[in-house]
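The values are calculated or read from the model by the stated rules, or taken from the named source; none is laboratory data. All of these numbers come straight from a predicted model, not from anything done at the bench. Here the Cβ is made from the backbone with ideal geometry for all residues, glycine too, and neighbour counts use every protein chain on show. Heads up: the accessible areas ignore ligands, DNA and RNA and are worked out on the full protein's heavy atoms, side chains in. Shrake-Rupley method; radii C 1.70, N 1.55, O 1.52, S 1.80 Å.
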Amino acid sequence: MLTSSKSSNSYHRLFAVMKGADGVYVNLYNDCRFQTKDFGEKISVAVYGNPYRCNGAKVRVKGNGQSFALALRIPEWAEGFTVLVNGEKAEGKERDGYLVLEGKWQDDKVQIRFKAPVKATLLNKKIAFTQGPITLARDCRFGDITAPVRIGARNGKNVRAKRVKNKSFFSNVAYEITTKEGKITLCDYAQAGKNFDDEECNITVWQEKI
């Protein structure tokens with residue numbers, strides 16, 4: 001049975017890093033820290049990552065010579081998922097969506113590499129875009145968001161997208177996507193539509209597709 005980390009102060013502390021009977025399970029690749037004494041000596045696992053970059057993460061394991069499993073979740077959206085331990089490629093076992101590394105841990109550096117291209121989701125003649133775990137949205141401050149999107153995208157497949165600087169307002173990430181009628185701009189859903197006091201603060205995730 002998995003139990004949650006009690007050391008993280010962020011809202012995701014119940015599932016970012018979890019403890020199982022055989023070791024530590026890393027579920028989210030953003031900044032967090034886990035500590036426990038359940039494997040004999042005090043151990044700690046620190047994760048350093050930015051989900052808006054979607055290019056991997058670093059994990060620092062301080063195990064005091066204890067043997068336990070370090071299980072790293074393999075996201076379904078991640079492409080080219082590879083892991084290095086102290087600079088050398090790790091040969092773990094894939095199990096239940098995790099890459100499981102067994103061994104005796106001292107003070108080790110784990111580097112996780114992957115890519116997360118922008119992908120299209122099609123449903124009921126509409127289209128939405130995601131990048132890894134991030135939902136992308138169109139904001140009316142980028143321009144007209146009511147016109148249907150004319151694009152030859154397939155469900156679950158990569159689309160041509162360019163990461164750009166958002167000059168209209170703050171967002172964690174912004175992309176330009178090429179359509180048959182020009183480019184459209186999207187940002188992360190978390191920062192879309194924050195101009196609540198404006199007369200117009202419309203956003204859309206699902207857009208008509210033609």
Problem set entry | Tail beyond 30 Å, pair distance distribution of the chain (Cα, percent) | 36 percent
Exercise. What residues have an amide H closer than 5 Å to that of V164, excluding those fewer than 5 places away on the same chain, when H is modeled at 1.01 Å from N in the peptide plane?
Worked result: A174, Y175, E176
Problem set entry | Highest-MSF residue in the chain out of R60, R160, R113 [GNM, Cα springs under 10 Å] | R160
Problem set entry | Residue with peak Gaussian network fluctuation, the chain [Cα springs, cutoff 10 Å], from I134, I151, I74 | I151
Exercise. So what's the convex hull volume per residue for the Cα atoms of segment 18-77, in Å³?
Worked result: 74 Å³
Seminar exercise, completed: Log10 I(q)/I(0) at q = 0.17, 0.22, 0.24 Å⁻¹ for segment 93-142, from Debye over equal alpha-carbon scatterers, is -0.77, -0.97, -1.05
For this session: Let me know the whole percent of all Cα-Cα pairs from segment 90-210 that are separated by more than 24 Å.
Result: 39 percent
For this session: At 1.4 Å probe size, with every protein chain present, just tell me what the per residue accessible area of the chain comes to in Å².
Result: 58 Å²
For this session: Can you give me the P(r) profile for segment 117-176? Cα pairs, bins 10 angstrom wide beginning at 0, each as a whole percent.
Result: 19, 55, 25, 1
Seminar exercise, completed: The size of the Cβ-based charge dipole (Lys, Arg +1; Asp, Glu -1) of segment 100-210 about the Cα centre, to the nearest 20 debye, is 740 debye
Seminar exercise, completed: Computed for the chain: size of charge dipole around the Cα centre, +1 on C-beta of each Lys and Arg, -1 on C-beta of each Asp and Glu, debye to nearest 20, value 440 debye
Problem set entry | Among T82, L72, G97 the positive-end extreme of the charge dipole of segment 60-112 (Cβ point charges) | L72
Exercise. How high is the relative contact order of the chain, given as a whole-number percent (alpha carbon pairs under 8 Å, six or more residues apart)?
Worked result: 15 percent
For this session: Return a whole-number percent for the relative contact order of segment 123-210, with Cα pairs under 8 Å and 6 or more residues apart as the contact set.
Result: 43 percent
Exercise. Hey, got the dipole for segment 15-128? About the Cα centre, +1 on K and R Cβ, -1 on D and E Cβ, debye to the nearest 20?
Worked result: 480 debye
Seminar exercise, completed: The rounded separation in angstrom of the Cα centers of segment 18-48 and segment 136-210 is 37 Å
Exercise. Between F169, F68, F129, which gets the highest mean-square fluctuation from a Gaussian network model of the chain, Cα cutoff 10 Å?
Worked result: F169
Problem set entry | Gyration tensor (Cα) of segment 49-134, equivalent ellipsoid semi-axes in angstrom | 31, 13, 10
Seminar exercise, completed: Which of K62/K167; K126/K194; K93/K157; K62/K89; K115/K183 exceed 30 Å between C-alpha atoms? The answer is K62/K167
For this session: Would you mind telling me the share, in percent, of accessible area of the chain contributed by carbon and sulfur at probe 1.4 angstrom?
Result: 46 percent
For this session: Let me have the relative contact order for segment 82-122, percent, based on Cα pairs under 8 Å that are six or more residues apart.
Result: 45 percent
